[in-house]
Amino acid sequence: MNTAVAASSNGSAQAQNIGFAIPANKITGLLPGLRNHTINPEVGFLGVSIETLTAQLRSAYNFVPTQGAIVTQVQAGSPADVAGLQQGDVITTFAGKAVTGADQLQRTIQGDHPGQSVKIGVYRGQAQLTVTATLSSSNGASATAGGGPTGR
């Protein structure tokens, strides 16, 4: 499904044939609900920038887990910020599911709904913690989270 075509900022130049699209398999399951107005197309938002934990990063920074997603930035006021996530945390579980990397975690978050409360397992240095965050909408309009870090 095409979503946009890049053109010049002033509109005088022709498009450069750069298209942006959503893969059909990402929206096929949503079509019946969108047609019937029975689902909300908003996706979950946590408010973090993440990177996949690789063997090289694990070795360089002495991370404990063998897989997960490293938090590289936390957006101020986001559900992640309110829940207590910090730069350098390694997210290892999200809503009870193992996190294998950044792409998988991003898909999982976006597959959840705004307002959903999720438990997030993280390593902060050698300590294993659990935080609870309440996802907001993808525009970050209702960033609320509950429960700061707790030992696990």
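The values are calculated or read from the model by the stated rules, or taken from the named source; none is laboratory data. Being a predicted model, the structure only gives us computed values, none of them experimental. Virtual Cβ from ideal backbone geometry, glycine too; neighbours counted across all protein chains shown.
Structure notes:
- Answer residue from the range 42-74, given it is out of contact with any strand residue (DSSP E or B) (no Cβ under 7 Å at 6 or more places or on another chain) and touching a residue at least 40 places away in the same chain (Cβ under 8 Å) and is farthest from Ile109 (Cα to Cα) among those: Val43
- Out of Val122, Val118, Val90, Val71, sole residue that is closer than 25 Å to Ile27 by Cβ and buried (at least 21 other Cβ atoms within 10 Å of the Cβ): Val118
- Matching residues, the range 75-84, being buried (at least 20 other Cβ atoms within 10 Å of the Cβ) and under 13 Å from the mean Cα position of the chain (by Cα): Ser78, Pro79, Ala80
- Residue within the range 33-53 that is among the polar types (S, T, N, Q), over 30 Å from Val90 (Cβ atoms) and modelled with pLDDT of 65 or more present: yes
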